[in-house]
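Since the structure comes first, as structure tokens, the remarks are kept for the end.
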Amino acid sequence: MKLAILALKNLTRNRLRSLLTILGVAAGMFLYSAVQTMQHSLSRATESSAADTTLVVYRENRFCPSTSRLPEHYLPTIERIEGVREVIPIQIAVNNCGASLDVITFRGVPAEALQKYNPNIKVVEGSYEDFLARNDAALVGQHFAERRSLSPGDKFEAVGVNVTVAGIISSDSPQDENVAYVHLPFLQQASRIGLGVVTQFNVKVESADQLQRVADQIDETFKSDQQPTNTRPEKAFFAETAKQMIELIGFTRWLGLGAVFAVLGLVANAVLLIVRGRVKETAIFQTLGYSRLAIGTMVVFEGILLGLIGGLLGVFGAMTFFHLKSFTLGNEGLTLALTPSLSVTLTGLGVAVALGLLASLYPAWKATSRPLVQSLNA
Amino acid sequence: MSNLISIKSVTKTFTKGKTTIKPLEDLSLEVPRGEFLSLMGPSGSGKTTLLNLIAGIDTPTSGEIVIDGQDISKLSRAQLTKWRSVHVGYIFQLYHLVPILSAYENIELPLLLGKFSKAERKKKIHAALDLVGLSDRADHRPSELSGGQEQRVAIARAIVHDPELLVADEPTGDLDRESADSILSLLNSLASDHGKTIIMVTHDPKASAAAHRALQLEKGRFTEEGHLLTHQSPS
């Protein structure tokens, strides 16, 4: 413990150098955490789990929501298929069908069916009753509201649709956080699609092991219809439609790796300079009876502290940045919210500490490897 | 009085490029407990090399150095480090205090290696500060002390863990006459009143005169076979 305190005091000896090193580490760890946040958000949006029981029914060969037009009367037919628990027709309207950082998505749903279909939706501001009471009312996802600075009672216009915010919702589904739910007939009319036509059906099945069978049966049912369907799990659709986005985010992994090496080099250089500037003092400690291990530990503590302080700044800086900015990547009507997560934060701090440790091992060895007499005469 | 230090036929050689240098050659010395011994000699005479060998900072090429019954010439680097932490207090010419630590914290450094409680450490540090006359400077950093006061803190750091042997390399070399006299008087008192065995390297005949015994080194050997230059029996 005393060695750690001494290491901390040592860092204050050359404040400017320590500060610059910490800022460099913070910048590197900010970049690393930003990349990890993107990777983590993408994993959450595309990797299926046993808890995923939602299928999405689109028009076959759909490119964008506007190209998927399914008759609303498919609903009772789908509901009758064995294994289907709940079905909801959804009309989608988006401002931008390509990859975009500022995508606005309206989801038109039968108002009275929304909470039954998705009980996990919680109205955190405003009320569900206000949503039911007004035709032009919207329930806005928290990230959407943060991005647009919306509160209950506010009116806003996008994609040619004017709505009034009835409530702000939170949900455990990332997709719900980035959309505005509106009444289905209202959106059908406002977006000039026309009544009776929807973009998709979201289908909840009894259990994950029935997903494939139900999907096959739905597509088989409408195979010969005028509007054939393509049914797949929601995350699988996202993984397919957002291929370019996924490739781009995949590339950022190299940026993260670059940031890691930059931090490693920066801390190693700083600790090496510290050690070189204190050759004689290290020898004095050895003369007093401090072992090579104790002195090496002190050097390693300094490296760890540089990594930890810079890591705290960078990782929490990235967390705050993503929290405040509420970035959402959109593609073909599906959205990917770049949300900070505790696991990314903790991993980032762990990486920062590990880099500090790794970067100071060579300087620590260097500090104690010279013959004592030589160091005393340095 | 028994000998604390017994050096037998010690030779030290090292190579510098293609040249072999022999700073000490077949040197023997005995130092009784409680003696304040001064080593004098011109630059390159081997006095600092001898001091480093006695302090366990360096090892001889051949010969035997027995201190308090233990042959330290046979110890490994790690063993020597541990041995130093218990048996030796080292006083440097330029004090070498850690600038970011207070006088109290500097003196505490050797005690952190032992199994002392915080209260025990505090008691020992205040006793050492009292002994060197700096009780009122415990919280001062080295930059807030005069050269003489810094050397007193360094002496307190050397004695705080109560080693029997103190080695001092030109302890007054960087001080004015008044401060130097005060430090020499303190060292003499540590030997005479507290039973410490002190080996001091100095260029200064006045400093040497403060010791119980002084030996002259030249080219790695004691001149006149280690005859006494001055002698005051340890009391």
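Structure summary
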{"quantity": "Set A:VAL373, A:VAL353: member being surrounded by fewer than 19 Cβ atoms within 10 Å (Cβ to Cβ), within 14 Å of chain B (Cβ to nearest Cβ) and either closer than 30 Å to A:LYS235 by Cα or in contact with a helix residue (DSSP H, G or I) (Cβ under 8 Å, 6 or more places away or on another chain) (or both)", "calculated": "A:VAL373"}
{"quantity": "Search result, residues across the stretch B:101-140 that are of a type in the set (Asp, Glu) and closer than 26 Å to B:ALA78 by Cα", "calculated": "B:GLU105, B:GLU108"}
{"quantity": "Some residue of the stretch A:242-257 being farther than 28 Å from B:ALA156 by Cβ, assigned to a loop (DSSP other than H, G, I, E, B) and either at pLDDT below 85 or over 18 Å from the mean Cα position of the chain (by Cα) (or both)", "calculated": "yes"}
{"quantity": "Elements of type helices (runs of 4 or more DSSP H) contained in the stretch A:1-83, each with 3 or more residues being over 29 Å from the mean Cα position of the chain (by Cα), within 14 Å of chain B (Cβ to nearest Cβ) and hydrophobic (A, V, I, L, M, F, W, C)", "calculated": "A:2-11"}
{"quantity": "Restricting the stretch B:67-120 to residues that are in a helix (DSSP H, G or I) and of a type in the set (Gly, Ala, Ser), the residue that is nearest to B:ASP169 (Cα to Cα)", "calculated": "B:SER85"}
{"quantity": "Residue match in the stretch B:196-204 (condition: modelled with pLDDT of 90 or more, under 17 Å from B:LEU97 (Cα atoms) and β-branched (Val, Ile, Thr))", "calculated": "no"}
{"quantity": "Residue count, the stretch B:77-103 (criterion: at negative phi, of a type in the set (Ser, Thr, Tyr) and more than 8 Å from chain A (Cβ to nearest Cβ))", "calculated": "1"}
{"quantity": "Candidates A:ASP216, A:ASP172, A:ASP225 - the one that is assigned to a loop (DSSP other than H, G, I, E, B), among the charged types (D, E, K, R) and farther than 14 Å from A:ASP52 by Cα", "calculated": "A:ASP225"}
{"quantity": "Residue within the stretch B:170-184 that is among the β-branched types (Val, Ile, Thr) and either farther than 23 Å from B:LYS47 by Cβ or surrounded by fewer than 17 Cβ atoms within 10 Å (Cβ to Cβ) (or both) present", "calculated": "no"}
{"quantity": "Given (1) within 27 Å of B:LEU94 (Cα to Cα); (2) away from chain B (no Cβ under 14 Å); (3) of a type in the set (Lys, Arg), index of the condition A:ARG253 fails", "calculated": "(1)"}
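The values are calculated or read from the model by the stated rules, or taken from the named source; none is laboratory data. Owing to the predicted nature of the structure, the values given are computational and were not obtained by experimental measurement. Every residue, glycine as well, gets a Cβ built from its backbone with ideal geometry; the counts of neighbours run over all protein chains shown.
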